[in-house]
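K.L.:
Before anything else, here's the structure in question.
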Amino acid sequence: MESGNIPKKKADQLLPETSKLKSVRNTKFFKLSTWNVVGVIFLALVGRKFWMGHNAMKYVQECSSEVTLEKMMESTYLRRTIQALPSNKPSLVLILNQYALNMTLNWLCNTKHMPGVHSSLLIVTMDAVADRQLEEIWPNVNRLNWNMPCLSDGFNYGDGRYQLFYVFRGNLAQALIEHGKPFWMIQQDTYWYKNLLNLDVNAESKNINADIVFDRAAESDASKLIAGGYFLVRPTEGSKRFFTALVNYIQDWYVPDNAYMTSLCADSALEVKCGFVPFSALTNWIWFFQPNRRAGSDKVPMLVQFDGDTKLGGKLAKIRDLGFNFSDDNGKCFTDAIGDAAKIVELLVEQKHNSTSDASNGTEWKISRSYSQWQFGMYQAIIDQLYKFRITELFLNKIVYPFAYYFMITL
């Protein structure tokens, strides 16, 4: 064998150690870099959430004087308006500013022919523009104009106006309770297939003596997460304690009100009796976008709320695109819209899949979820699992819900 001819196996063994070390270092560097990127993204999301919380609560503190219970109770106008409401049956309380006016007009046309709905309404307008236009289009609907400059602009999920709105809503609930008035708190981003006033709330035995009856965020009986868009309030000492505790917390802490509502219902020391409307009767976006959630159901829900979007400005356009368009921008009701919408949801129940036909022209349309709805769906799936164990349920009620915004770092 010539000295210059080294066998390949031997040559491989003689490769410089520096080359092997370099390969190892590159692999470690790649792994380290990946974790560094993940860590930076995580810290950025957490920092963003704390910054959002700081700005939101700063706004609430700056504008708190506009939404106080004391201001409401001192108002002769508000007192007279509330005292005129019935004490033996619940009113329907709906709140809006000018940026939710068209959605409200759409809902008013949806419910126009439902007995007792419009006559049971108290529409609370938060600016003069919304109040004036409602008076022109629906002059016979009962209104309460409570002007608040801090709530006259549009708002989105988790921002300062959004948080302030729920402080106002909580204080308004207290004012209604103080005057002994039962009421449904409702929202206009909802399709009413049937009349909510016909819902037999007491069909659920736990609701008979409940102080407050809430909507659910999901269909599982084990999941006690409150959705918070719809709830029936009876004027009791328990409901008074509930809303006092709710407002005292959310005006100081950055937390979604429905999450803290859930925490309060789990607090036995508060002595509040909470009931729930079945998810099959009062449902939300999940019913549309997760067809497996309606598998086995042979009924259309009474109400379907189009929630789950963090950007509220385009919600009405999405509702209309889905086929639930009951009025034009001037508030004129479309004659055939109610029947067409009913056909859409009835067909969804019949087909139980993710597409349906437009009843008016026979074309197919596909329902797609927004980014925020995907995120809410992910968090709901996690919550459903945590409710399976007592220790993790306590973790939800004591730790997660009171600081829920900070756990939802991707929203």
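The values are calculated or read from the model by the stated rules, or taken from the named source; none is laboratory data. Nothing here was measured: the structure is a model prediction, and the numbers come from that model. When we count neighbours, we look across all protein chains shown, and the Cβ atoms used for this are built from the backbone with ideal geometry, even at glycine.
K.L.:
For the stretch 118-152, give me each residue that is among the small types (Gly, Ala, Ser) and part of a loop (DSSP other than H, G, I, E, B).
P.N.:
Passing the criteria: only SER152.
K.L.:
Okay, moving on. Quick check on the stretch 147-169. Is at least one of its residues without any contact (Cβ under 8 Å) to a residue 24 or more places away in the chain and more than 20 Å from THR244 (Cα to Cα)?
P.N.:
Yes, the stretch 147-169 contains at least one residue that is without any contact (Cβ under 8 Å) to a residue 24 or more places away in the chain and more than 20 Å from THR244 (Cα to Cα).
K.L.:
Out of curiosity, is VAL272 under 16 Å from ILE208 (Cα atoms) and part of a loop (DSSP other than H, G, I, E, B)?
P.N.:
Judged against the criteria, VAL272 is a match.
K.L.:
Let me ask something additional. Of all residues in the stretch 122-143, which are surrounded by fewer than 20 Cβ atoms within 10 Å (Cβ to Cβ) and closer than 25 Å to VAL167 by Cβ?
P.N.:
Answer for the stretch 122-143, where residues must be surrounded by fewer than 20 Cβ atoms within 10 Å (Cβ to Cβ) and closer than 25 Å to VAL167 by Cβ: ALA128, VAL129, ASN142, ARG143.
K.L.:
Can I ask one more? Evaluate the following for ILE95: is it more than 25 Å from the chain's Cα centre (by Cα) and buried (at least 21 other Cβ atoms within 10 Å of the Cβ)?
P.N.:
Judged against the criteria, ILE95 is not a match.
K.L.:
So is GLN188 buried (at least 22 other Cβ atoms within 10 Å of the Cβ) and in a loop (DSSP other than H, G, I, E, B) or not?
P.N.:
Criteria met by GLN188.
K.L.:
Take ALA218 and decide whether it is at pLDDT below 95, among the aliphatic types (A, V, I, L, M) and surrounded by 20 or more Cβ atoms within 10 Å (Cβ to Cβ).
P.N.:
yes
K.L.:
Residue under question is THR34, and the condition is that it be hydroxyl-bearing (Ser, Thr, Tyr), over 26 Å from PRO402 (Cα atoms) and in contact with a strand residue (DSSP E or B) (Cβ under 6 Å, 6 or more places away or on another chain); does it hold?
P.N.:
no
K.L.:
A further question follows. Suppose we keep only residues that are among the acidic types (Asp, Glu) and in a helix (DSSP H, G or I) within the stretch 233-261. Which one would you say is farthest from PHE50 (Cα to Cα)?
P.N.:
This residue is GLU237.
K.L.:
Within the stretch 191-230, take every residue that is among the polar types (S, T, N, Q) and not in a helix (DSSP H, G or I) and give me the one that is nearest to LYS273 (Cα to Cα).
P.N.:
Filtering first and then ranking leaves ASN209.
K.L.:
OK, next. Within the stretch 132-145, can you find the residues that are without any contact (Cβ under 8 Å) to a residue 24 or more places away in the chain and over 20 Å from MET72 (Cβ atoms)?
P.N.:
ARG132, GLU135, GLU136, PRO139, ASN140
K.L.:
Picking from VAL213, VAL129, VAL117, VAL201, which residue would you name as being touching an Asp or Glu at 6+ places or on another chain (Cβ under 9 Å), among the β-branched types (Val, Ile, Thr) and in contact (Cβ under 8 Å) with a residue 24 or more places away in the chain?
P.N.:
Checking each option against the conditions leaves just VAL213.
K.L.:
Hey, another quick one. For residues that are in contact with an Asp or Glu (Cβ under 7 Å, 6 or more places away or on another chain), farther than 19 Å from THR111 by Cβ and at pLDDT 70 or above, tally how many sit in the stretch 281-309.
P.N.:
Matching residues across the stretch 281-309 total 1.
K.L.:
While we're here: Hey, could you check the stretch 57-89 for residues that are assigned to a helix (DSSP H, G or I) and hydroxyl-bearing (Ser, Thr, Tyr) and say which is nearest to PHE243 (Cα to Cα)?
P.N.:
My answer is SER64.
K.L.:
A follow-up question, please. So which residues in the stretch 144-186 are over 19 Å from TYR230 (Cα atoms) and charged (D, E, K, R)?
P.N.:
ASP153, ASP159, ARG161, GLU178, listed by residue number.
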